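Below: one structure, written as structure tokens.
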Amino acid sequence: MFESGQYDEMYNYCQKLLSNDQNDMVALQNSALALIHLARYEDAIIYCDKVLKIKNYDNYALKNKIYSLEKLKRYNDVIICCNIILEHDSTDTWTFNSLGLSLNELDRHTEAIEFYDKTLKIDSNDITALMNKAISLNHLKNYKESIEFYDKAQIEDPSLNEASIAKSKAFEKLDMTDEAFLAAQGVLVKDMTKIIADAKKNKCTVFHQFCQNEFDELSNKK
């Protein structure tokens with residue numbers, strides 16, 4: 001039922017199981033899961049809490065509860081749940097990132113960065129942490145460092161258009177118009193210097209140099 005997206009049927013089936021055993025953990029967990037997919041987040045939390053009443057600590061129930069709380073924009077409650085998980089597992093990167101996101105939403109960007117750094121210490125290529133650290137730094141008007149992390153996220157996932165756009169806007173804040181243009185085209189920082197230098201050498205604009213490079217690349221492929 002879950003695989004086929006029959007979430008109403010899944011929820012109703014779980015209710016039948018719970019009518020026989022109100023403490024059926026699988027039925028309680030799957031009820032919460034079905035309700036999340038039905039966007040019934042308040043109800044999903046009720047089932048997560050039922051699991052947690054039976055079992056003081058349950059990682060799966062807590063993460064479903066966190067997801068539901070995020071959807072309801074109850075960020076202070078998210079932080080409480082994240083801290084419970086971290087008391088049991090101090091290396092859970094999913095929880096570090098969730099905690100950071102809630103702190104961002106509460107405009108506590110400096111604190112959020114601490115948790116993204118904890119994730120990156122464990123996994124330096126974590127795209128969620130890279131992007132959100134960049135966003136936090138941008139909110140703190142630390143544009144130069146934010147560019148560095150947007151760039152790292154883009155290296156990990158070249159299709160991440162939002163990183164290119166955000167990086168371009170950060171360059172604009174620094175009045176670096178040529179770099180802003182190149183960033184918007186998806187160019188990485190390491191490649192910008194050569195394009196700008198070639199434009200100066202060829203006595204043309206960075207725009208024209210970029211277009212020439214693109215033309216040359218296409219010609220070589222043919």
Any idea what the alpha-carbon Rg over 2.2 N^0.38 Å comes to for region 1-72? 1.01
If the cut-off is a Cα-Cα distance under 14 Å, which aspartates and glutamates reach Lys55, setting aside same-chain residues fewer than 8 apart in sequence? Asp24
Per-residue [θ]222 nm for the chain (sum of -39500 (n - 2.57) over DSSP H runs n ≥ 4, rounded to 500): -24500 deg cm²/dmol
Could you pull out the pairs from Lys53/Lys121; Lys167/Lys200; Lys173/Lys203; Lys63/Lys152; Lys73/Lys167; Lys133/Lys194 whose alpha carbons sit more than 32 Å apart here? Lys53/Lys121
Could you work out which residue, out of Ala27, Ala197, Ala170, moves most in a Gaussian network model of the chain, that is, has the largest mean-square fluctuation with Cα springs under 10 Å? Ala197
On a 1.4 Å probe surface of the protein chains, which of Leu140, Leu72, Leu28 comes out largest in accessible area, and what is the full order? Leu140, Leu72, Leu28
Ignoring ligands, DNA and RNA, what percent of the accessible area of region 159-221 is carbon or sulfur (1.4 Å)? 55
So I have [x] 1.04; [y] 1.08; [z] 1.36, and one of them is Cα Rg over 2.2 N^0.38 Å calculated from this model. Which one is it? [z]
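Can you tell me the dipole magnitude for region 159-221 around its Cα centre, using point charges on the Cβ only (Lys, Arg +1; Asp, Glu -1), in Debye to the nearest 20?
So the dipole magnitude of region 159-221 works out to roughly 140 debye.
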Could you please state, rounded to a whole Å, how far the C-alpha centre of region 54-87 is from the C-alpha centre of region 112-155? 23
Counting each pair of different Cα atoms once, what's the Kirkwood radius of region 19-117 in Å, rounded to one decimal? 13.8
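The values are calculated or read from the model by the stated rules, or taken from the named source; none is laboratory data. As the structure is a prediction and not an experimental result, all values here were calculated from the model. Virtual Cβ from ideal backbone geometry, glycine too; neighbours counted across all protein chains shown. Side chains are part of the model used for accessible areas, which takes the heavy atoms of the whole protein and leaves out ligands, DNA and RNA. Shrake-Rupley method; radii C 1.70, N 1.55, O 1.52, S 1.80 Å.
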